[in-house]
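Below you'll find the structure, written out as structure tokens, and then a few comments.
Where a number appears in this text, it was derived from the coordinates with a stated rule and is not lab data. This is a predicted model, so every value here is computed, not measured. Cβ placement follows ideal geometry from the backbone for every residue including glycine, while neighbour counts extend to all protein chains displayed.
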Amino acid sequence: MKLIMSDKPVHIDISGTENIKHIDLSSMKIANCVGCFGCWTKTPGKCVIRDDATKVYPYIAQSDSVIYVSHIKYGGYDSIMKTMLERAIPIQQAFIRIHNGETHHIQRNVKTKEATIIAYGSTDPEEQDIFRRLISRNAKNMCFKNYEVIFVPESEIEETIHKTLRKWEK
């Protein structure tokens, strides 16, 4: 399965493609993680907060290709995307492993991914560099086999998604 997850409405035609799921986070009710770790202890693999996030994180886990579309805020994901990614903690276990000399959580049936992160909003080179470094660190915990960060003006988001979709067809 392939996943397109955006922090704003985007108009893309994925009709006729059964294995692509598009999720517009801005149209969903997703609460902040409260840090209770119930998804590791009380209800392993399931968040105790019952909102729309529980419908999303299984798609993140089972996707082999992802496109994340996010506004950049202070060198990181903007709040909508950041909140969702934090709420995806149930796809990890509480247990730690050593991976390439670093400690990382053991994943809970998470597929390795080809990832494209389409970032819009900031044209400041320093902020973009901070964002690239964030994605590099996140890639290790998000099971990114390969990833690409593309900075675009907001007006070019949909065109960039379509270019990535064409790459997926090959």
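Using the Karplus relation 6.51 cos²θ - 1.76 cosθ + 1.60 with θ = phi - 60°, the per-residue 3J(HN,Hα) values for the range 68-78 come to 10, 10, 9, 5, 8, 9, 6, x, x, 4, 6 Hz, with x marking Gly and Pro. What does DSSP give for the chain in terms of the percent of beta bridges that are antiparallel, rounded to the nearest 5? Antiparallel bridges: around 20 percent, rounded to the nearest 5. Across the range 85-95, computed HN-Hα scalar couplings (Karplus, 6.51 cos²θ - 1.76 cosθ + 1.60, θ = phi - 60°) run 5, 5, 6, 7, 4, x, 7, 10, 9, 6, 7 Hz from first to last residue, x flagging Gly and Pro.
Between Ile23 and Ile4, Met5, Ser6, the built amide H atoms are under 5 Å apart, and every one of these is 5 or more places off in sequence or on another chain. Residue by residue, the range 152-168 carries 3J(HN,Hα) couplings of 9, x, 3, 5, 10, 4, 4, 4, 5, 4, 4, 4, 5, 4, 5, 5, 5 Hz when phi is fed to the Karplus relation 6.51 cos²θ - 1.76 cosθ + 1.60 (θ = phi - 60°); x denotes Gly or Pro. Multiplying the residue separation of His162 and Lys140 by 0.36 nm and removing their Cα-Cα distance gives an extension gain of 5.3 nm. The calculated FRET efficiency for the pair Ile12 and Ile130, based on their C-beta separation and a Förster distance of 30 Å, comes to about 0.60. So how tilted is helix 125-141 from the main axis of the chain? Cα-based, degrees 0 to 90, rounded to 10. Between helix and principal axis, roughly 40 degrees. Considering only alpha-carbon pairs that sit under 8 angstrom and 6 or more positions apart, the relative contact order computed for the range 2-169 is 23 percent. For the range 33-68 versus the range 87-152, the inter-centroid distance based on Cα atoms is 16 Å. The length gained on full extension between Met28 and Asn109, counted as 0.36 nm times the residue separation minus their Cα-Cα distance, comes to 26.7 nm.
A helix-only calculation puts the chain at -9000 deg cm²/dmol for mean residue ellipticity at 222 nm, using -39500 (n - 2.57) for each DSSP H run of at least four residues, averaged over all residues. Here's how it looks for Val149: its modeled amide H is under 5 Å from those of Ile117, which are all 5 or more places away or on a different chain. The H on the amide N of Phe144, modeled in the peptide plane, is under 5 Å from the matching H of Lys113, each at least 5 residues off or on a different chain. Neighbour counting of Cβ atoms within 10 Å sorts the residues Met84, Met142, Met1, fewest neighbours leading, into Met1, Met142, Met84.
Counting Lys and Arg as +1 and Asp and Glu as -1 over every other residue whose Cβ lies under 14 Å from the Cβ of Asn109, the net charge comes to +3. When you filter the chymotrypsin sites (Phe, Trp or Tyr not before Pro) in the range 1-98 for DSSP loop state and at most 11 other Cβ atoms inside 10 Å of their Cβ, you are left with Tyr74.
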